[in-house]
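Here's the structure, in structure tokens; my notes come after.
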Amino acid sequence: MQVRYRYRIYPTPGQRQMLARTFGCARVVYNDCLRIRDEAYAAGEKVSDTEVQRRAITLAKATPEREWLGEVASVALVQACQDARRAYRNWFDSLSGKRKGRKVGRPAFRRKHQRQSVRLTRNGFTLHGQRLYLAKIGDVRVEWSRPLPSAPSSVTVIGEADCRYYASFVVERELTQLPANGREVGIDVGLASLAVTSDGEVIANPRFLRAKERKLGRAQREVSRKAKGSANRAKARRRVAAVHRKVRETRLDYAHKTALRLVRDNQAVYAEDLCVSGLARTKLAKAVHDAGWSQLLRLIEEKAQYYGREFHKIGRWEPTSQMCSACGTKDGPKPLSVREWTCAACGTVLDRDVNAARNVLAAGRADRLNARGGDVRPGFVPAVAGEAGTHRSAA
Ligand SMILES: [Zn+2]
């Protein structure tokens, strides 16, 4: 299984300058690739991937406006071409319906004042001992916070907006099989929390994270108050980047722990896909909340794969708040202010979020049992029928 291992790196001032140049060249090539594809598309011309690369790198280097592309490692430029190709393809596949899930938009041009990165494959870097050699940059000092499990196949060098640098290696890691257990859980996006499980557990957004998010809002307002192009604005922008990093790191750490716990405790985890459930929550959909939710799902998926557990996203929209998870009666939509109600048919008192999570569990379990072709692991006993939500009406 391929995973990423990330380390902080400490380039010297000279290396930072060279990195900045490499970032800049990769950004220009990436943007040029998008432009070349756009123009070809508008002109009705079909361009091959090699032709795009030839125009964006080889031909460009020969022109006075782009000759400086020759100063940086060409492997970084080739990777930028491939990144642009992938972004473009994802967009097309999403338009044509070939790519499932959330709609992918038109790839955006890369900008200067955001996180910068370059990807280097095997011929662009070497590891010897404690040192990381990057092509045309030299040996960079790495803070090895944990050992690499295997030889990396590629490295992405990242320059964050707060002036910290990282190396993110792609490595192969052996899978670890956890002993089987028969438990299953459904999770759903909570209204006030990050998620709610069918066991009734509320996974809250931690308080310290909310405090940091408020601080982030304040720092962002600070930037807009400073004059454009001023040194104070640049300073305020760096401060925003630093708070951003703290929020991001805290959220990621918390999501890792939550995902690990859910995967360890359960043989199967079911969740509602955000692009599907999002339809029902447009008014609520806070970008921050949604980002946290998809991050959690991504980590659960990754860890489930790593530990030999099941993770299943429910593919179609279920009116999870309209159905009683105890008896399956559908009693229509309820305004968001209704947090709890009593089912008219069976008299069960239902909590909005937990009810939704139980319906997710039932729908996921049904999907799984219906799936033919080896999806169901032998030796795994599904939970007994008659539990909450198993009366889901056949859709
Ligand atoms: Zn009921």
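The values are calculated or read from the model by the stated rules, or taken from the named source; none is laboratory data. Since the model is a prediction, treat every value here as computed from it, not as a measurement. Positions of Cβ are generated from backbone atoms using ideal geometry, with glycine treated the same way; all protein chains shown enter the neighbour counts. Accessible surface is based on the protein model in full, side chains and every heavy atom, while ligands, DNA and RNA are left aside. Shrake-Rupley method; radii C 1.70, N 1.55, O 1.52, S 1.80 Å.
For the stretch 151-181, give me each residue that is over 23 Å from Q15 (Cβ atoms) and touching a Pro at 6+ places or on another chain (Cβ under 8 Å).
Within the stretch 151-181, V171, E172, R173, E174 meet the criteria.
Could you please find all residues in the stretch 334-350 being of a type in the set (D, E, K, R) and either near the ligand (Cβ under 10 Å from one of its atoms) or free of Cβ contacts under 8 Å to residues at least 40 places away in the same chain (or both)?
K334, E340
Is there a residue being aromatic (F, W, Y), open to solvent by 80 Å² or more (accessible area, probe 1.4 Å) and either away from the ligand (no atom under 16 Å from the Cβ) or modelled with pLDDT under 90 (or both) anywhere in the stretch 374-387?
no
Would you say A167 is at pLDDT 90 or above and closer than 27 Å to R239 by Cα?
yes
Does M1 meet the test of being open to solvent by less than 60 Å² (accessible area, probe 1.4 Å), of a type in the set (A, V, I, L, M, F, W, C) and within 30 Å of L299 (Cβ to Cβ)?
Values: open to solvent by less than 60 Å² (accessible area, probe 1.4 Å): yes; of a type in the set (A, V, I, L, M, F, W, C): yes; within 30 Å of L299 (Cβ to Cβ): yes.
Yes; evaluated as a whole, the condition is true for this residue.
Find the residue count for the stretch 109-123, including only residues that are more than 21 Å from the chain's Cα centre (by Cα), modelled with pLDDT of 90 or more and in a loop (DSSP other than H, G, I, E, B).
Result for the stretch 109-123: 0.
Condition test on E65, is it charged (D, E, K, R) and open to solvent by 90 Å² or more (accessible area, probe 1.4 Å)?
Working: charged (D, E, K, R): yes; open to solvent by 90 Å² or more (accessible area, probe 1.4 Å): yes.
In short, yes.
Look at K136 and say whether it is within 29 Å of D273 (Cα to Cα) and part of a loop (DSSP other than H, G, I, E, B).
Criteria not met by K136.
Is there a residue being open to solvent by less than 80 Å² (accessible area, probe 1.4 Å) and more than 23 Å from S168 (Cα to Cα) anywhere in the stretch 109-128?
No, the conditions are met nowhere in the stretch 109-128.
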